[in-house]
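Visitor: Pasting a structure below so you can have a look.
FYI, it's all coordinate maths here, none of it is from the lab. This is a predicted model, so every value here is computed, not measured. Cβ placement follows ideal geometry from the backbone for every residue including glycine, while neighbour counts extend to all protein chains displayed.
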Amino acid sequence: MIRLLALLFTAIGSAYGSAAFANTPNLLPIESFFKPPATTDVNLSPEGDYYTASRRIDGKLFLIITNLKDPTASEIGIPIKDGMIQWVRWANNDRLLIATYNGWGAYRHRNTIYFGPKYRTIAINRDGSNIITLFDGASRRIQKSLNLSRITDLLPDDPDHVLMPVTHGSVKNLWKVNIQTGDAVRIEKGRSYTMGWITDITGKAVLRIDSNRRKNLYRIFSRNPETGRWRKIRTIKQDDFGEFWPQAASETPGVVYVIARPEKAERAGVYLYDLASNTIGDPIATSKRVDIEKVLTAVGSNAYLGAVYVEDRLVYKFADDKINRHMQGINRFFNYEANVVVAGMDTDQNQLLLYVTGPTIEGSYYLYNVKNTHIALVADERPGLVGKLNPMETVHWQGRDGTNLSGYLTYPALALQRKNLPMIVMPHGGPELRDSYEFNLYGQFLASRGYLVFQPNFRGSGGFGNEFAKMGHGQWGRSMQDDITDGVKHLVNSGMVDANRICIFGASYGGYAALAGASFTPDLYQCAVSISGVTDLLEMLKHIRKEDGRKSQTYQIWKQRMGDPGADRDDIIRYSPARQAHRINIPVLLFHGSQDSIVPMQQSEFMHQALLASGKDSQFIKLENAGHSNWSILDEARSMHKIELFFARHLKGLAGPPPDQDLIKSWQTDEDEPAEKRETDNQH
């Protein structure tokens, strides 16, 4: 309890004292936030006898295997020579699978060359013996695949094999791979842009999921019970996974668990879906407040275990009330201030591996013994942040039309009083995503620099039900932006925020919102930062139409979201920041990856040129070979360092500005590491 009490006192202490900032000669260095975690990939073996952890020791990476049954046994340390670990999984109680990062590669598809990180998978006994690389003897075309690390099914009843999807040329197929020899046999043939499969308890593929080229529209196929051929059953857009999304095969043949929002249902719940009749049954689990997000099933039997959703914090609703009582006790242990993820459990459900994160918990692994209700810390991901993070609270306000809205405030521990604070407004991407009560890497970093960070869940955000999401359709720059503006004014009127020290910062849709704030409420903010943001709605719609076709469902969806270029052309122009650059009177900082396939880099170029043509203060930073979100850690850190300099210059929220210097030469070995490992920490 010592550590928890220390965190609690830190949070309480930050609420009192003088209005000035504390003396800050020892700000947390940026590498405390952005260097690779010290420990990751903690995994519990199926029988609960062992756990793994990837640890950096003297600059080298090792996979550590710990024996839980014999405390006197020495830990086994396996050096990982092929590169950084992407993930670790137990194939069975004796053999491990390790996906490693192997630099960058390229492949050609339809006369276009794509760049990306290369991943390979090795299998190894838990004592470090019998190391083999999966697909090692496969064809040259398979060897060229960038990703040989995805797992579809661990096949618990077949300990020598797993199922893996692999891109072969332009087509993704499903392979049965021998984890003792590395040999593979194709068992299912996909198509271009096949994303993957869902398999039943026997390992047979019962669902196939394909995407469009832009990966924002998904087509779901099941087998025709009479012909055995694949037939399309649903088309789902990226932001509408709550409408219908398969989760796992059930214990009943021909029936799968889905997250769905049937007709007349306001919120998504867990349902059984019959593949033969193409029908949805009665709800298994629902929430009165939010959408269900995930289904839990038992390894081996596929029996239903429970559901997961987010209110403010993460909620697990198990079918077994005994486990629910244990989860209640665990949440009480963490003072109801953390998100407790069940990252693993043994087959008997006697031991739980927990990943605990929250505003003041950077990410820590615990083991919980159900029989004796004992919890033990395994490791902290970022030891340098333990006890040094900033408290978060939920904030509520009403939109100008009376809509009830909520968001989150991360308070700077440097501020000795919650009064007249400089603030960074940080709207999320999507836009049909949401923020929640959790550790946010960018939010915590900015709070450590002395800023109040405001993350609003404006109308159009996901997770709050169908009606709330639809309220954002056709409202880019309008009521969606008004909700953010009304939240800012609410905080200013409360006395908490200095009206003359507010900037807005976001990525993707959040980048649009940042520029919309600068364009349409020019006197509200002192500066704006956009990462990969949409800036010209008309040009964005033209791009989508060119990519997917005028009659495509994708284009129709985005017309619904942004407006119809024919009927709504004037409004689309009116609410495009790049076409309203003359209204902006504050400095703007733009970032964009050169390989962004979601929002073209030209969107930021349009904005930059429009600002310069209007005589405005604009800086544009192009990130070579970076995508929409898969940035290298070094790119993320360098970008964030430029952002902190930008905010310090225009908000003057710190006791002293950070040094303007290139980042940490010792990071050079990590320069090519993809940021996928912490995709949930950012909002690109």
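Visitor: With +1 assigned to the C-beta of every Lys and Arg and -1 to the C-beta of every Asp and Glu, and no other charges, what is the dipole magnitude of the chain about the Cα centre in debye, to the nearest 20?
Guide: Here the chain has a charge dipole of around 1560 debye.
Visitor: Taking amide H positions as placed 1.01 Å from N in the peptide plane, with prolines and chain starts having none, which residues 5 or more places from residue 351, or on another chain, fall under 5 Å of its amide H?
Guide: Distant-sequence amide H within range of residue 351: 346, 370.
Visitor: Quick one: net charge around residue 566, please, counting Lys, Arg +1 and Asp, Glu -1 for every other residue with C-beta under 15 Å from its C-beta.
Guide: +2
Visitor: Something else about it: Please give the FRET efficiency for residue 321 paired with residue 204, using the beta carbon to beta carbon distance and R0 = 45 Å, rounded to the nearest 0.05.
Guide: E(calc), rounded to 0.05, equals 0.85.
Visitor: What number, in nm² with one decimal, is the all-direction average of the projected area of the convex hull of the alpha-carbon atoms of the chain?
Guide: Over all viewing directions, the chain projects a mean Cα-hull area of 29.6 nm².
Visitor: Rounded to the nearest Å, what's the spacing between the alpha carbon centres of segment 68-104 and segment 354-377? Just the number, please.
Guide: Rounded to whole Å, the Cα centres lie 21 Å apart.
Visitor: Tabulate in residue order the Karplus-calculated ³J(HN,Hα) for segment 571-580, using 6.51 cos²θ - 1.76 cosθ + 1.60 with θ = phi - 60°, rounded to whole Hz; enter x for Gly and Pro.
Guide: 5, 4, 5, 4, 10, 9, x, 5, 9, 10
Visitor: Once the other residues with Cβ under 12 Å from the Cβ of residue 262 are scored (Lys, Arg +1; Asp, Glu -1), what is the net sum?
Guide: -1
Visitor: Under the definition of Cα pairs under 8 Å and six or more residues apart, what whole-number percent is the relative contact order of segment 41-385?
Guide: Relative contact order here is 8 percent.
Visitor: To continue, here is another question. Would you pull out the residues with amide H under 5 Å of residue 339's amide H, same chain only if 5 or more places away, H placed 1.01 Å from N?
Guide: When sequence neighbours closer than 5 places are left aside, the close amide H contacts are 357, 358.
Visitor: In addition: Counting Lys and Arg as +1 and Asp and Glu as -1, what is the net charge of the other residues whose Cβ lies under 14 Å from the Cβ of residue 201? Can you show the working numbers first?
Guide: On the way: positive: 204; negative: 153, 157, 158, 200, 251.
That sum, taken over residues with Cβ under 14 Å, equals -4.
Visitor: Using only the Cα atoms of segment 554-615, build the gyration tensor, take square roots of its eigenvalues as a ≥ b ≥ c, and label the shape rounded, prolate or oblate: rounded if a/c is under 1.5, else prolate if a/b is larger than b/c, else oblate.
Guide: Values: a/c = 2.93, a/b = 1.29, b/c = 2.27.
It comes out oblate by the Cα gyration axes.
Visitor: Taking the DSSP beta bridges in the chain as the whole, what percent of them are antiparallel, to the nearest 5?
Guide: 85
Visitor: I need 346, 435, 570 ordered by Cβ neighbour count within 10 Å, fewest first. Each step should come with its number before you reach the end.
Guide: On the way: 346 19, 435 23, 570 9.
Starting with the residue having the fewest Cβ neighbours, the order is 570, 346, 435.
Visitor: Would you calculate the volume per residue, in Å³, of the smallest convex hull containing every Cα atom of segment 485-551?
Guide: It is 90 Å³ per residue.
Visitor: So what are the ³J(HN,Hα) numbers for segment 587-599, from phi and the Karplus equation (6.51, -1.76, 1.60; θ = phi - 60°), rounded to whole Hz, Gly and Pro as x?
Guide: Taking θ as phi minus 60°, the curve returns x, 10, 10, 10, 10, 7, x, 5, 10, 5, 9, 9, 10 Hz for segment 587-599.
Visitor: From the phi of every residue in segment 267-283, what ³J(HN,Hα) in whole Hz does the Karplus formula 6.51 cos²θ - 1.76 cosθ + 1.60 yield, where θ is phi - 60° and glycine or proline is x?
Guide: Each residue's phi maps through the Karplus curve to give 10, 6, x, 9, 9, 9, 10, 8, 5, 5, 8, 6, 10, 9, x, 6, x Hz.
Visitor: Jot down the per residue volume, in cubic angstrom and as a whole number, of the convex hull over the alpha-carbon atoms of segment 41-385.
Guide: Output value, Cα hull per residue: 156 Å³.
Visitor: Sticking with this one: Which value at 222 nm does the chain reach when only helices count, each DSSP H run of 4 or more adding -39,500 (n - 2.57), with the total divided by all residues and rounded to the nearest 500 deg cm²/dmol?
Guide: Dividing the helical sum by the residues of the chain leaves -5500 deg cm²/dmol.
Visitor: Next question. Amide H to amide H, which residues 5 or more places from residue 421 or on other chains are under 5 Å from it, using H placed in the peptide plane?
Guide: 497, 498
Visitor: In what order do 406, 74, 149 fall by count of nearby beta-carbon atoms within 10 Å, going from fewest to most?
Guide: Result, fewest neighbours first: 74, 406, 149.
Visitor: Distance between Cα centroids, segment 190-258 to segment 557-601: provide it in whole Å.
Guide: 34
Visitor: With the contact rule set at Cα under 8 Å and sequence spacing of 6 or more, what percent relative contact order holds for segment 176-288?
Guide: Averaging sequence separation for qualifying contacts and normalising by length gives 14 percent for segment 176-288.
Visitor: Now for a separate question. Using alpha-carbon positions, what is the distance between the centroids of segment 420-444 and segment 323-347, in Å?
Guide: 25
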